[in-house]
Amino acid sequence: MARMDLISFKGLRLDGRRANELRQIRCKMGVFSQPDGSAYLEQGNTKVLAAVYGPHEIRGSRSKALHDKALVNCQYSMATFSTGERKRRPRGDRKSQEMSMHLRQAFQAAIRVEVYPRSQIDIFVEVLQADGGNYCACVNAATLALVDAGIPMTEYVVACTASLANGDVPLVDVSNLEENSGGPNLTVAALPLSGQVALMEMSQRFHLDHLPKVVECALQGCRDIHQILDQAVRRHTEMSGSALGWGNRAQVDL
Amino acid sequence: MWTTKTFLKKRKGSVLKIVREHYLRDDIWCGSDICTICAHQNEELVLEKNPQPKNKKFPFPHYIVLDTCVVLNQINVLEEDALCNVIVVQTVLEEVKHRSSSVYKRLLDIVGNPNRKFYVFVNEHHKDTYVEREPGEKVNDRNDRAIRVSVAWYESHLMSSQADRRKRDRVKVILLTDDVDSKQKAENEGLHVATISDYVRNVEDCPGLEDRLSQHNTTYELQAGGREPLFPAHFTPSQIHQGIKSGKLLQGSFLASRENFLEGQVNVEGQDKMILVQGRVGLNRAVDGDIVAVKLLPEEEWSVPSHMVLQDEGDDSEDVLEEENAILKSKDERVAKLPTGHIVGIIRRKWRQYCGILQKNPIEGSVRHIFVPAERKVPKVRIETQQADILSSQRIIVTIDSWPRNSRYPLGHFVRALGTIGDKDTENEVLLLEHDVPHSKFSEAVLSCLPKLPWVITEKDVQSRVDLRHVDICSVDPPGCTDIDDALHCKELENGNYDVGVHIADVSHFIRPGTAIDKEAALRATTVYLVDKRIDMVPELLSSNLCSLRGNEERFAFSCIWELTSEAEIVSTRFCKSIIRSRQAMTYEEAQIKIDDLTQNDTLSKSLRGLNSLAKILKKRRIENGALVLASPEIRFQVDSETQDPIEVEAKKLRETNSMVEEFMLLANIYVAIKILEDFPECAMLRRHPKLPVSNFEPFIKAGRNLGFEINSESGKALALSLDNAVRPDNAYFNTMLRILATRCMMQAVYFASGMVQRDEFFHYGLAAPVYTHFTSPIRRYADVIVHRLLAVSIGADVTYPDLLDKRKSHSLCHNLNYRNRMAQYAGRASVALHTHLFFRGKVQDEQGYVLCVRKNALQILIPKYGLEGTLYVSPHKGAKQNVTFVYSEEKQTQKCGDVIFRPFDPVTVQLSLDRSNVQHEKIVLKLVHPQIPGFSVPSLSSVKRKESDENLQEEMEISEVSVSPPIEKISTKKQKVK
């Protein structure tokens, strides 16, 4: 198959975005009552649920407990109906194990684990609809859920993908269509305020000449997403605050 | 700034559910200078404020919107400057891209030209013009509606900005569409709408525009009234699809025969043997190159190629039918039959633009004429033009639009004129166009990449390179060569070994990756050598000056240096970028004299002698390994210095020094190939020469067996050996001819990226080398430039860049290089043929020739002196009488007339002259002189007083003509240089 142009000469991508534009992000915190914190996040057509339990005592064998910090336990899963083809996806298959590991790596860097020695924090994420950038949506949703659970973090963990179109134009927030067209993909999970990178993964080799601009593109995407998440958190706090009788709006109402 | 709305597009296949986002934007501008609403950037203001109304039908200022079919069918009209201020809607652009990539490219070229004022409006992502497909609506109808919605949007959008203008000055938008339904709907919606032909006919001050209108929709009605369709109908696409799926039909590319216009072959992928198609019904309107669907006939109806040389001479009458029957009758012979089939449908047309001449309609004042293409594989084309009187003396370009069932010839339209027939520049232009050689002048962008003169070697250059200026290096090339890309040296070391160096011009120093000059060179791929002209791959400043390793000038080189023992065993190899100063640029002849003249004992002569003796050992070893020595007739023209007309022809002489240079170039290429393959196993650019299945040699082996020589084509070595043994003392040229024929059986060597081909297919059959590449001629071949870059990286002299390491990009590059190389070769040969014709203008000569092969109605004769292959017809031409009959024997490959028998490889004497009765194809006419056959042969020139050549022409009994020899690859590194 001839590779299609990911970006038209008018500068628009296949779905109508420009190269530096994110997909639409919509999110909601506190969607469940059972867990300590939860969030739902849509990044375009990628839709993810995240739930956080903890910190609580170590479940199962006590030997897993770490004496100086909390254990971060992540579990990634995809719904049977999440992709174009219906497929039963057993939990704990290779792919989701890998994803879980990557999630843990990113969150261990941000959660202040040393505050809760000998305890455990569980993060469960479920992909409801997969349309590219699943890992990123999971990280972003989990961050919101952690905030909702009130677990102290150094800062938000935000993830974003980037790719390269037509050999030289960096694309941010890659959709499934663009992922499948065969170009190399870069996933970055970052702590955007300090500019630290918690995780970086490439699907293929990038030439060294291209790498810096693609990384910069992904980081810029992280900063943009950070802003959106931050606003969402503030809005949520205001809402729940006003419901409880404190916060800005509560005062106005009085 | 972003996302306004999310749309879901659901496409339900059998299982797959595809959900896609579709963002609608509010920052897509209309691109018109009138508009006061959109927040344009300056460069986006494409459409003029006051477009000139140049149309009689629409005498008000307007913009044009095109419909998909109009773009697809009338791209030639669009390429004319007459239509400006055009809005191309994205829906159209996408559809065009989907339907025809060539038209898409041409459309993009037009859009890219700022003078044309074509604006692309991304209607699909505009919040007001996006149209969703309604339930039950067809995709095409939806697209047509989307276009109409855009037109309506433009109309109202522009109107709101020009409320202050006078009514007749207001810019309107006109939709051009050929679709009746869409036109009707547009009219109902109150839009301005016209068909393209309607619009074009009314364009003012642009004569000839109408001629360029495609004949796509006009039904062919010349004699259509009650006329039976000449061809069976094609299958529908779905029928073809089903047929191919079920195995009843086969898909393949159609190759028309050059010699017989009613015969062709279909090359089906995955089958050894081509499928033969014969007759008008069998061919069923396929044109050379088309991808077709074929239906195999039952085995009892299989046929054999007719061995007839047949040209379409008829005008439009039925006279061909006889010949057709003649072909079809030949079935009953008991010879190996080929799978035969009928073409039942066309999967994809590969029509392009064709060069040729106009054959004027004898009826005065008629606008319908016949176009005769220069390429004989292509049928004549019926065109309509008003300018027949001017065009009939010119070479013109025509494209085919359609081929209705009731027309004997396809319908086409005139594109442009090239110049007067017979004029050498015009003929060269034709030649270049027919072979798709990019030959325009280098653009400004390319020229700006050239280094500034005076060019000096800086201190930094010296530091980064090995200084070899003290070494006695010289170059050996054909006389008159200005692009010298290789030089050699040889020095005896103290331990008795030799230090041998091959120094190649360092072109990659000047052509940096990604620059305009690099892209242009990659496109051109090779320098094309015509007899009187050279089409450079890189601008002359580089090719003949800065890169050329001229005598006594300091130049950059890429050196490959070996230490060899006196038995030519390689002790060590190294590569380096260097600075050299060639002591002398010699010709092969001068070098030969230096070697032979033992009184000369300077270092250059000594090193040449050293090189020569080493080369002999290398060559011997190479041939022992199974390398082939092949032959192709090569000639050289001596050209008149003023008129550039050829005055003498001679076969190229080969000296020892030719093979000496060749040997070292091969050595360098092989060693570079090994090195780059080691360092870049995935993306090294190499060259391979595939081995052939033995079946391809069958006719050749048969020819050999008839003469009592057993030819073994099991392996390269066996073939080389049997070729060496096939010598006839009575016929010195016999061996050479055998090698020429062997060469023709071979496949072409091709470039490839190492990651795309299995390791065991890397072999170069002709040279018997496990890996091979091209390194030694970067001035005239782009492959070498890439190889230089790879080698430079592997020795740490340069850095990589992304495309170099991308095997897919290398693969597509190789594809282009192979294509251009092949075309360059054909163009070169066509140029030789052209000059041969020029040479024979007004000349009649007797020449010694040899029968190359025997056909049913003709003998194929090779004349070594001119490297010329011609056909000597033995059966009478249609209408002419001949009182001698020849008997053809298929089994023995002979033609017999009385007691004279012609076998392949027999020497004959023929008389050559040029038949200029047909301006399109000036033909070289062969007439038999010896052996004499009363009533058929002509007396030799020496025995008769020389007659006027014109008289001879009228007496001719058989017409024949020279064919450009079929594709063969020159395996050696031989060069044709322009004198």
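The values are calculated or read from the model by the stated rules, or taken from the named source; none is laboratory data. Nothing here was measured: the structure is a model prediction, and the numbers come from that model. Note: ideal-geometry Cβ built from the backbone for every residue, glycine included; neighbour counts use all protein chains shown.
Does at least one position in segment B:60-77 carry a residue that is assigned to a loop (DSSP other than H, G, I, E, B), more than 29 Å from B:S160 (Cβ to Cβ) and more than 14 Å from chain A (Cβ to nearest Cβ)?
There is at least one residue in segment B:60-77 that is assigned to a loop (DSSP other than H, G, I, E, B), more than 29 Å from B:S160 (Cβ to Cβ) and more than 14 Å from chain A (Cβ to nearest Cβ).
Quick check: anything in segment A:241-254 farther than 16 Å from A:A137 by Cβ and in contact with a strand residue (DSSP E or B) (Cβ under 9 Å, 6 or more places away or on another chain)?
The answer is no, given that none of the residues of segment A:241-254 is farther than 16 Å from A:A137 by Cβ and in contact with a strand residue (DSSP E or B) (Cβ under 9 Å, 6 or more places away or on another chain).
Taking the condition touching a Gly at 6+ places or on another chain (Cβ under 6 Å), in a helix (DSSP H, G or I) and surrounded by fewer than 17 Cβ atoms within 10 Å (Cβ to Cβ), does B:K702 pass?
no
Testing A:A159 on (1) touching a Phe, Trp or Tyr at 6+ places or on another chain (Cβ under 7 Å); (2) within 14 Å of chain B (Cβ to nearest Cβ), one condition comes back false. Which one is that?
All conditions pass for A:A159, except number (2).
Confirm whether B:A783 is in contact with a strand residue (DSSP E or B) (Cβ under 6 Å, 6 or more places away or on another chain), assigned to a helix (DSSP H, G or I) and more than 14 Å from chain A (Cβ to nearest Cβ).
yes
Listed residues A:G133, A:G167; which is within 14 Å of chain B (Cβ to nearest Cβ), closer than 20 Å to A:L12 by Cβ, among the small types (G, A, S) and surrounded by 19 or more Cβ atoms within 10 Å (Cβ to Cβ)?
Sole residue among the options that is within 14 Å of chain B (Cβ to nearest Cβ), closer than 20 Å to A:L12 by Cβ, among the small types (G, A, S) and surrounded by 19 or more Cβ atoms within 10 Å (Cβ to Cβ): A:G133.
Could you look through segment B:114-130, keep only residues that are assigned to a loop (DSSP other than H, G, I, E, B) and under 27 Å from B:S214 (Cα atoms), and pick out the one that is farthest from the other protein chains (Cβ to nearest Cβ)?
B:N115
Which residue out of B:S161, B:S150 is hydroxyl-bearing (S, T, Y), in contact with a helix residue (DSSP H, G or I) (Cβ under 9 Å, 6 or more places away or on another chain) and at negative phi? Lay out the reasoning, then the answer.
Details: B:S161 fails: in contact with a helix residue (DSSP H, G or I) (Cβ under 9 Å, 6 or more places away or on another chain).
Checking each option against the conditions leaves just B:S150.
Residues that are among the charged types (D, E, K, R) and assigned to a strand (DSSP E or B): does segment B:850-868 have at least one?
Just the residues of segment B:850-868 that are among the charged types (D, E, K, R), to begin with: B:855-856, B:865.
Adding the requirement that they be assigned to a strand (DSSP E or B) leaves none.
No, the conditions are met nowhere in segment B:850-868.
Limited to segment B:834-864, what total is found for residues that are under 23 Å from the mean Cα position of the chain (by Cα) and either more than 22 Å from B:T909 (Cβ to Cβ) or among the polar types (S, T, N, Q) (or both)?
Filtering segment B:834-864 down to residues under 23 Å from the mean Cα position of the chain (by Cα) leaves B:834-837.
From the residues that got through so far, the ones that are either more than 22 Å from B:T909 (Cβ to Cβ) or among the polar types (S, T, N, Q) (or both) too are B:834-836.
Counting residues in segment B:834-864 that are under 23 Å from the mean Cα position of the chain (by Cα) and either more than 22 Å from B:T909 (Cβ to Cβ) or among the polar types (S, T, N, Q) (or both) gives 3.
Are there any strands (runs of 3 or more DSSP E) wholly within segment A:1-82 with 1 or more residues that are surrounded by fewer than 19 Cβ atoms within 10 Å (Cβ to Cβ), without any contact (Cβ under 8 Å) to a residue 40 or more places away in the chain and within 14 Å of chain B (Cβ to nearest Cβ), and if so which?
Strands (runs of 3 or more DSSP E) meeting the threshold: A:25-29.
Please verify whether segment A:93-115 includes one or more residues that are within 17 Å of the chain's Cα centre (by Cα) and outside any helix (DSSP H, G or I).
Yes, segment A:93-115 contains at least one residue that is within 17 Å of the chain's Cα centre (by Cα) and outside any helix (DSSP H, G or I).
Within the set of pairs 6 or more residues apart or between chains, which connect a residue that is within 16 Å of B:S582 (Cα to Cα) inside segment B:593-622 to a residue that is assigned to a helix (DSSP H, G or I) and of a type in the set (K, R) with Cβ atoms less than 6 Å apart?
Once the first residue is within 16 Å of B:S582 (Cα to Cα) and sits in segment B:593-622, its partners that are assigned to a helix (DSSP H, G or I) and of a type in the set (K, R) give B:S605/B:K594; B:L608/B:K594.
Quick check on this structure: which one of A:R235, A:R205, A:R223 is free of Cβ contacts under 8 Å to residues at least 12 places away in the same chain and among the charged types (D, E, K, R)? Before the answer, list the steps.
On the way: A:R205 fails: free of Cβ contacts under 8 Å to residues at least 12 places away in the same chain; A:R223 fails: free of Cβ contacts under 8 Å to residues at least 12 places away in the same chain.
Just a single option satisfies the conditions, and that option is A:R235.
Quick one: which residue in B:I390, B:I370, B:I383, B:I363 is closer than 23 Å to B:L72 by Cα, over 21 Å from the mean Cα position of the chain (by Cα) and among the hydrophobic types (A, V, I, L, M, F, W, C)?
B:I383
Looking only at segment B:790-807, filter to residues that are more than 14 Å from every other protein chain (Cβ to nearest Cβ) and in a helix (DSSP H, G or I); which one of those is nearest to B:N669 (Cα to Cα)?
If we take residues in segment B:790-807 being more than 14 Å from every other protein chain (Cβ to nearest Cβ) and in a helix (DSSP H, G or I), then B:L791 is nearest to B:N669 (Cα to Cα).
Inside segment B:18-48, can you point out the residues that are of a type outside the set (D, E, K, R), away from chain A (no Cβ under 11 Å) and either surrounded by 20 or more Cβ atoms within 10 Å (Cβ to Cβ) or in contact (Cβ under 8 Å) with a residue 60 or more places away in the chain (or both)? First the steps, then the outcome.
Keep residues of segment B:18-48 that are of a type outside the set (D, E, K, R), which gives B:18-19, B:22-24, B:28-32, B:34-42, B:45-47.
From what is left, the residues that are away from chain A (no Cβ under 11 Å) are B:30, B:32, B:34-42, B:45-47.
If the condition is that a residue be of a type outside the set (D, E, K, R), away from chain A (no Cβ under 11 Å) and either surrounded by 20 or more Cβ atoms within 10 Å (Cβ to Cβ) or in contact (Cβ under 8 Å) with a residue 60 or more places away in the chain (or both), then B:C30, B:S32, B:I34, B:C35, B:T36, B:I37, B:V46, B:L47 are the ones that fit.
Any residue at all in segment B:131-142 that is of a type in the set (S, T, N, Q) and not in a helix (DSSP H, G or I)?
no
Determine the pairs where a residue that is assigned by TED's automatic domain parsing to the domain that holds B:R622, located within segment B:770-783, has a partner that is in a loop (DSSP other than H, G, I, E, B) and of a type in the set (S, T, Y) with Cβ atoms under 6 Å apart, the partner being 6 or more residues away or on another chain.
Listed pairs, sorted by first residue: B:R780/B:T527.
Of everything in segment B:84-108, what is outside any helix (DSSP H, G or I) and either without any contact (Cβ under 8 Å) to a residue 60 or more places away in the chain or in contact with a Gly (Cβ under 9 Å, 6 or more places away or on another chain) (or both)? Give them in sequence order.
B:C84, B:N85, B:V86, B:I87, B:V88, B:S100
Regarding B:V111, is this residue within 14 Å of chain A (Cβ to nearest Cβ), in contact with a strand residue (DSSP E or B) (Cβ under 8 Å, 6 or more places away or on another chain) and either within 18 Å of B:S32 (Cα to Cα) or not in a helix (DSSP H, G or I) (or both)?
Taking the combined requirement at face value, the residue satisfies it.
If only one of B:F734, B:F697, B:F752 is outside the structural domain of B:V785 (by TED's automatic domain parsing), crowded, with 16+ Cβ neighbours inside 10 Å, aromatic (F, W, Y) and under 23 Å from B:H815 (Cα atoms), which one is it?
Just a single option satisfies the conditions, and that option is B:F752.
Counting just the residues of segment A:173-186 that are more than 17 Å from A:R205 (Cβ to Cβ) and touching an Asp or Glu at 6+ places or on another chain (Cβ under 7 Å), which one comes out nearest to the other protein chains (Cβ to nearest Cβ)?
Only one residue fits best here, namely A:S175.
Does B:Y498 fit the bill of being within 30 Å of B:Y354 (Cα to Cα), surrounded by 18 or more Cβ atoms within 10 Å (Cβ to Cβ), touching a Gly at 6+ places or on another chain (Cβ under 7 Å) and not assigned by TED's automatic domain parsing to the domain that holds B:S392? Show your work before the answer.
Values: within 30 Å of B:Y354 (Cα to Cα): no; surrounded by 18 or more Cβ atoms within 10 Å (Cβ to Cβ): yes; touching a Gly at 6+ places or on another chain (Cβ under 7 Å): yes; not assigned by TED's automatic domain parsing to the domain that holds B:S392: yes.
The answer is no for B:Y498.
Which residues, counting only those in segment B:152-181, are surrounded by 18 or more Cβ atoms within 10 Å (Cβ to Cβ), out of contact with any Cys (no Cβ under 9 Å at 6 or more places or on another chain) and within 13 Å of B:C69 (Cα to Cα)?
Correct list: B:L175, B:L176.
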